[in-house]
Amino acid sequence: MNRDALNALDQSVAIARQRAGGRIPIVGVAGPQGSGKTTLVSAYAAFHDGTAHFSLDDVYLDATSRRMLSATVHPLFATRGPPGTHDLDLLSATLDALQATGPDSRTPLPAFDKVTDNPLLRSSCPTYEGRPQLILIDGWCLGASAQSDTELATAINDIEAKADDRGKWRRAINENLKLPYALAFARFDAFIYLRAPDFGVIHDWRCEQEEGLLGRDLSQADRHRIAIFIQHFERITRHMMSGGRRADIEMQLDAERNVTEVKRI
């Protein structure tokens, strides 16, 4: 991760420290899939001792809970990622535990096993030792705002048109953003948003991620599967790119994830 990105995150941290008062500041790092959020957070923590960090991906609901959502609310909730598929109680409890730490504390941090599709057992989770000076959390929808009924009315892709033709799934996601997620986001002292140059590049970024994880080039079938997967995130991603999010610092990226502009919102 380049120095410009680290400096931009440092600006967000400074804002958070001013707002936090005596608390440990909490900073959210948001941006679309593949934009480099986790890489940035990990690099920052490596340079700054006293930084506790984890991802919104680490607090997904377990597979059983998401199957219940898919059965009782909408089948599309079987796919983890959209608001409604996270364990916000676990997020809140982890933040509470970190805020209450002392110099000798050992605080388990959440972690999710995407192979088994379930959270890691507490005994297998990473542990933060001591009292952190900063908490960083990365997540694609951190700080996202809800949309209006008018915005929700029209499907924006094939997933919505074919699998959510009555809009029940996207309205349920929106209701989550209106209250439980808004309350969760209110605990953050500052947000930095990594902005993609356009929505189209996100597919390439996600494919690059998959190639790194799989250790091979992707087939056309792989790329098609990823394109369908991204549709589950498209509405909120486009909404956030258009300003539908809380952010204190916006970091504009080019297609190679180079920082082209940093501005305070």
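Just so you know, all these numbers are worked out from the coordinates, no wet-lab data involved. The structure displayed is predicted, hence computed values, not measured ones. Cβ coordinates were reconstructed from backbone atoms using ideal geometry, including for glycine residues, and neighbour counts include every protein chain displayed.
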For T38 and K168, what is the calculated FRET efficiency with R₀ set at 22 Å and r taken between the beta-carbons, to the nearest 0.05? 0.10
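Quote the charge dipole size of segment 113-265 about the Cα centre in Debye, to the nearest 20; the model charges only the Cβ of Lys and Arg (+1) and of Asp and Glu (-1).
On the way: 22 positive and 25 negative charges, 118 e Å.
The calculation lands at about 560 debye.
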On a C-alpha basis, how far is the centre of segment 1-31 from the centre of segment 175-215 in Å? Whole number, if you could? 17 Å
Surrounding charge for Y60, neighbours by C-beta under 11 angstrom, Lys/Arg +1, Asp/Glu -1, total -3
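Would you work out the charge dipole size for the chain about its Cα centre, treating the Cβ of every Lys and Arg as +1 and the Cβ of every Asp and Glu as -1, and quote it to the nearest 20 debye?
580 debye
Take the chain, mark every one of the trypsin sites (Lys or Arg not before Pro) that falls in a DSSP loop and has at most 12 other Cβ within 10 Å, then report the longest stretch left between them, sites excluded.
Numbers: sites that count: K114, R166, R216.
Longest run free of exposed loop sites: 1-113.
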Filtered hits (aspartates and glutamates, Cα-Cα < 13 Å from K263, offset >= 8 within chain) -> D4, D10, D248, E250
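Which net charge results for the neighbourhood of Q18, defined as the other residues with beta-carbon distances under 14 angstrom from its beta-carbon, given Lys and Arg at +1 and Asp and Glu at -1? Walk me through the numbers before you get to the answer.
Details: positive: R17, R19, R23, R264; negative: D10, D189, D248.
For residues surrounding Q18, the net value is +1.
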Run lengths n ≥ 4 of DSSP H only: what is the helix-derived mean residue ellipticity at 222 nm for the chain, with -39500 (n - 2.57) per run over all residues, to the nearest 500? -13000 deg cm²/dmol
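Shape call for segment 145-265 from the C-alpha gyration tensor, a ≥ b ≥ c root eigenvalues: rounded (a/c under 1.5), prolate (a/b greater than b/c) or oblate? Intermediate results must be reported in sequence, preceding the final value.
On the way: a/c = 2.00, a/b = 1.09, b/c = 1.82.
It comes out oblate by the Cα gyration axes.
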Counted charge near D189, where neighbours are those whose Cβ lies closer than 13 Å (Asp, Glu -1; Lys, Arg +1): +4
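With the cut-off at 1.5 for a/c, could you classify segment 57-153 from its C-alpha gyration tensor as rounded, prolate or oblate? Show your work: numbers first, answer last.
On the way: a/c = 3.05, a/b = 1.62, b/c = 1.89.
It is oblate, given that a/c is not under 1.5 and a/b is not larger than b/c.
How far, in nm, would the chain grow between T154 and D204 when pulled straight, counting 0.36 nm per residue and subtracting the alpha carbon separation? Please report the intermediate quantities before stating the final value.
Numbers: separation 50, 0.36 × 50 = 18.00 nm, distance 2.60 nm.
Separation in residues times 0.36 nm, less the Cα-Cα distance, equals 15.4 nm.
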With charges set only on the Cβ (+1 for Lys and Arg, -1 for Asp and Glu), what does the dipole of segment 40-97 come to about its Cα centre, in debye to the nearest 20? 320 debye
